[in-house]
1. Got the relative contact order for the stretch 122-179 handy, in percent, Cα pairs under 8 Å and 6 or more residues apart?
2. Measuring from the lowest to the highest alpha carbon on each principal axis, how far does the stretch 101-150 reach, largest first, in angstroms?
3. If each of ASP135 and ALA62 carries a label point 7 Å out from its Cα toward its Cβ, how far apart are those two points in nm?
4. Only Cα pairs under 8 Å and at least 6 apart count here; give the relative contact order of the stretch 92-156 as a rounded whole percent.
5. If packing is taken as the mean number of other Cβ atoms within 10 Å per residue, what is the order of 142-154, 123-135, highest first?
6. Contour minus end-to-end for LYS147 and ASP122, with contour as 0.36 nm per residue of separation and end-to-end as the Cα-Cα distance?
7. Roll a 1.4 angstrom probe over the protein heavy atoms and tell me the percent of accessible area of the stretch 56-159 that is carbon or sulfur.
Amino acid sequence: MKYLVFILLLLCNNSFAQKKTSNTKKPVSAVQKSATTWDELDKTFVAFIKALENEDNTAYTAISLKEVDCAECPGAGELGDFTHFVPAQVFYITVASDFKVSPVYKALIKRGYAFNSMVLKDFRPAFLPQNSPKDLKVYEVWVQTYKPDELSKGHKGTSHAFQFIKLNGEFKFFGLTSQ
């Protein structure tokens, strides 16, 4: 008997909790959301990768700063070990010709990428305009190149980040780093 009362209470509560549906339809909003910073970065990053894939120096130059941070590039260590700025064309010559067979590209295609950003306090490279903020905000697109133990047993794994900064409202390639 107590089960019957319990079920009856349950059914009654459910019927009172139900809302009648309205026959009027809500208008569909035609307002399109504006692109977020991350959407803009994604669009720029895809264009950057396409420029490297197709060895399109013109497209690469349009996306890059005139100097980029590249520790792996020839001549990068000449200015000290804090920065490794080289002319953007040095990076392009070093990377573009065999980009599609590089471990970074293969990992990018296989695993995808993730976004991050950081602020470098009191850091403004000399080649940036003088009206640039004194604290540089760097947007990073991370690719996990090797997972732990993937390259060899005991290897802790490697990730690379394509770095961009926003200059005059547009993302520009700033450099490549790894960890």
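The values are calculated or read from the model by the stated rules, or taken from the named source; none is laboratory data. In this text the structure is predicted, and so the values were computed from the model without any measurement. Cβ placement follows ideal geometry from the backbone for every residue including glycine, while neighbour counts extend to all protein chains displayed. Just the protein is used for accessible areas: all its heavy atoms, side chains included, with ligands, DNA and RNA removed. Shrake-Rupley method; radii C 1.70, N 1.55, O 1.52, S 1.80 Å.
1. On the way: 91 pairs, mean separation 15.0, N = 58.
So the answer I get is 26 percent.
2. So the three principal-axis extents are 43, 20, 16 Å.
3. 3.4 nm
4. The value is 34 percent.
5. Details: 142-154: 13.9, 123-135: 11.3.
By packing density, highest mean first, the sequence is 142-154, 123-135.
6. Values: separation 25, 0.36 × 25 = 9.00 nm, distance 3.38 nm.
Gain on extension, LYS147 to ASP122, equals 5.6 nm.
7. Details: 3480 of 6280 Å².
Of all accessible area on the stretch 56-159, carbon and sulfur atoms account for 55 percent.
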